[in-house]
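Written below as structure tokens is the structure these notes are about.
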Amino acid sequence: MSPPLSSPPGSGYFKTRELDWMLHVVQAVAEETAVTRERLMTLEALLVEKGLLAKGEIDGYRVDGAEAQARIAWHEAFTARLYAVLEETAKRK
Amino acid sequence: MSRNESHALLVSPTQDEGARQRFALGLKRTLGRRLRPLRRVRFEQKRAACESPEAVEAVMREDPVDRFWQALNRDTQERMWAAVAAPLEREEQRLAQQFRDLSAEHVHGGTLRLDPGVATPSYLKGIAIHLQPGGYTLDRSQDDVIAGALYEAGGAIYSAGAGIGVGQSKAEIVSTWLAQRFPGFAPRRILDIGTSAGASATPYAQHFKGAEVHAIDVCPGLLRYAHARAEALGVAVHFRQMAADRLDFPDDFFDFVVSHNLMHEMPPATTAGMFRECARVLAPGGITVHQDVPLRYAGLSAFEKWDYGWDRDHNNEPFWLEFAAADVKAMLQEAGFMPAEVFETILEQADGSMRWFVVGARKGLR
């Protein structure tokens, strides 16, 4: 299907075109997050519907001890990947 | 007669497709209800005395909050269309087949007549009104119905985003009002101009039982969809490709000629031509009604004119402001209706969610 014919995706709203692009990127990420979140809602609803999970069981799940430490380590690795560009740039001569 | 009747051409989105549409909808609501009012807040903070929308623009041009809102609003409209288009693209072949089947059978008595001799009006060429992908004129093959499918699916989402009730079609609102204003009015021949997906033509055919209903548009992709949709609903409507201001019907042929949300999508000169044609094809005693958005310039502040003007420049509504500024009632008189025959009113959705502007005339027994 052809894209809108009249004008390219919103541009010229900010002082530089890179900022226009950045806004599209942020919106796309927000959309993917929302879609993923909805899929989880559906998954939870199905599990409750089929009796595999009680309503509110996920919200009531407590993460502590070794499991909490493992998750913190996961967040650390994730954010390191997120900002890897800084490290890579700094290392470059 | 609700505006979202179920029929065979509607495509059911998957979970993720539906989530994308709901995301766009939620985002549109946030942008419209919470963030758009910030435009006024920012303008008032500047304490500028502006007499015209151009003066407001000069004051607001560099405002970072407003620039950001504009960028978000535009991106969200594009995102909404992408989310509407995805399921239709997925089922494009099935929709084309539905069109072929339904138009071959036309067991319900409806017809479709496309006319390659009808030129696409210059104002529709190369423009995607409200950013609908491909525009209304999208017409890539002999069974391309996507323009109509996008129009109907997009309209449903747009209305939901704007909080407009879906319990009543615009045709039902007008029919109810006609019964009050002109008791006993029972048209035998009806014409719906600029029918798009035919979502008003079918309720009129259902409401005025026994009436012969004709519906025209200039865009083949809309008409194919409208025809298949009407057949799928089991309603007889005669669809033809024709320009609003060049009707190929005899004088005094119709008892009721109507258009919905059309005037703001045409140049005022075309609207004037349409009114002249209405005066010609209406039989004495016949009624013409034109419903549209309740955007009237008279009485608006410079700020409001500027704010409403956003859609013209960023949502491809080229005639939005010209329509808002036009004296449509006077245009009907210039088209040949007598002053006493012309009316103008505001009609409200039964649930109070939206008001519509209505103008029209009853042709006298001359």
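For region B:124-134, the count of residues that are over 18 Å from B:GLU317 (Cα atoms) and of a type in the set (Gly, Ala, Ser) is zero. Scanning region B:48-94 for residues that are among the polar types (S, T, N, Q) and either in a helix (DSSP H, G or I) or without any contact (Cβ under 8 Å) to a residue 12 or more places away in the chain (or both) yields B:GLN70, B:ASN73, B:THR76, B:GLN77, B:GLN93. The condition of being surrounded by 10 or more Cβ atoms within 10 Å (Cβ to Cβ) and in a helix (DSSP H, G or I) holds for only one of A:ASP20, A:ASP59, that being A:ASP20.
Scanning for something surrounded by fewer than 23 Cβ atoms within 10 Å (Cβ to Cβ) and charged (D, E, K, R), does region B:190-202 turn up at least one residue? Within region B:190-202, not a single residue is surrounded by fewer than 23 Cβ atoms within 10 Å (Cβ to Cβ) and charged (D, E, K, R).
Here's the yes/no breakdown for (1) out of contact with any strand residue (DSSP E or B) (no Cβ under 6 Å at 6 or more places or on another chain); (2) closer than 29 Å to B:MET80 by Cβ:
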{"site": "B:PRO121", "(1), (2)": "yes, yes"}
{"site": "B:HIS130", "(1), (2)": "yes, yes"}
{"site": "B:VAL145", "(1), (2)": "yes, yes"}
{"site": "B:GLU152", "(1), (2)": "yes, yes"}
{"site": "B:LYS170", "(1), (2)": "no, yes"}
{"site": "B:SER175", "(1), (2)": "yes, no"}
{"site": "B:GLY184", "(1), (2)": "yes, no"}
{"site": "B:THR195", "(1), (2)": "no, yes"}
{"site": "B:ALA205", "(1), (2)": "no, no"}
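Conditions (1) more than 10 Å from chain B (Cβ to nearest Cβ); (2) farther than 16 Å from B:GLN77 by Cα; (3) at pLDDT 90 or above, marked per residue:
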site: A:VAL26; (1), (2), (3): no, no, yes
site: A:MET41; (1), (2), (3): no, yes, yes
site: A:LYS50; (1), (2), (3): yes, yes, yes
site: A:TYR61; (1), (2), (3): yes, yes, yes
site: A:TRP74; (1), (2), (3): yes, yes, yes
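Consider region B:64-114 and keep the residues that are surrounded by fewer than 17 Cβ atoms within 10 Å (Cβ to Cβ) and in contact with a Lys or Arg (Cβ under 6 Å, 6 or more places away or on another chain). The one that is modelled with the lowest pLDDT is B:VAL65. Every condition in (1) closer than 21 Å to B:ALA279 by Cβ; (2) among the hydrophobic types (A, V, I, L, M, F, W, C); (3) part of a helix (DSSP H, G or I) holds for B:ALA149 except the one numbered (1). Residues B:SER52, B:SER122: which one is farther than 30 Å from B:LEU247 by Cβ and loosely packed, with under 13 Cβ neighbours inside 10 Å? Exactly one of B:SER52, B:SER122 is farther than 30 Å from B:LEU247 by Cβ and loosely packed, with under 13 Cβ neighbours inside 10 Å, namely B:SER52.
The values are calculated or read from the model by the stated rules, or taken from the named source; none is laboratory data. A quick note: this is a predicted structure, and the numbers were derived from the prediction, not measured. When we count neighbours, we look across all protein chains shown, and the Cβ atoms used for this are built from the backbone with ideal geometry, even at glycine.
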